[in-house]
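Single-structure report; data block below.
The values are calculated or read from the model by the stated rules, or taken from the named source; none is laboratory data. In this text the structure is predicted, and so the values were computed from the model without any measurement. Here the Cβ positions follow ideal geometry from the backbone for every residue, glycine too, while neighbour counts run over all protein chains shown.
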Amino acid sequence: MGQYVAEFLREGKVILFSQPLPQELADYCVVINRLPDGETLYPGRSLQIGQQWREISAVGEVANANFTRLGHVTLSFDGANNAELPGTVHLTGPVPEFLQVGDKIRLSS
């Protein structure tokens, strides 16, 4: 987990990236495992972050491709119904207070 993750979290955002990630981005990202083939992000689906589940409210037009190919997506905890940027996934519910190494980040079945 990068040293600036907490700062982004205070702004309501989390950047996810799987290995190998560009070294210049490592300080800003939460490192995750890639999605299994065939998994997709879509409004109404839930995402677990730590012990809490959040519902996806909007998915940017390249978010699924980026998440599948690179394990990269930006999570925005604002409940928006339209994606702010092409690689952003918007979630409902409050921003997590903190994230820890080992927290689960996974999609509902």
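Quick look at the numbers
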quantity: Hey, residue 86 exposed (fewer than 14 other Cβ atoms within 10 Å of the Cβ), at pLDDT 90 or above and more than 18 Å from residue 1 (Cα to Cα) or not; calculated: yes
quantity: Contacts under 9 angstrom Cβ, first residue in the stretch 7-33 being closer than 17 Å to residue 100 by Cβ, partner modelled with pLDDT of 90 or more and of a type in the set (Gly, Ala, Ser), 6 or more apart; calculated: 14/76
quantity: Residue identified as buried (at least 19 other Cβ atoms within 10 Å of the Cβ), of a type in the set (Ser, Thr, Tyr) and out of contact with any helix residue (DSSP H, G or I) (no Cβ under 9 Å at 6 or more places or on another chain) among 76, 46; calculated: 76
quantity: Residue match in the stretch 45-59 (condition: touching a Gly at 6+ places or on another chain (Cβ under 6 Å), modelled with pLDDT of 90 or more and not in a loop (DSSP other than H, G, I, E, B)); calculated: yes
quantity: Complete set of residues in the stretch 33-42 that are at pLDDT 85 or above and surrounded by 15 or more Cβ atoms within 10 Å (Cβ to Cβ); calculated: 41
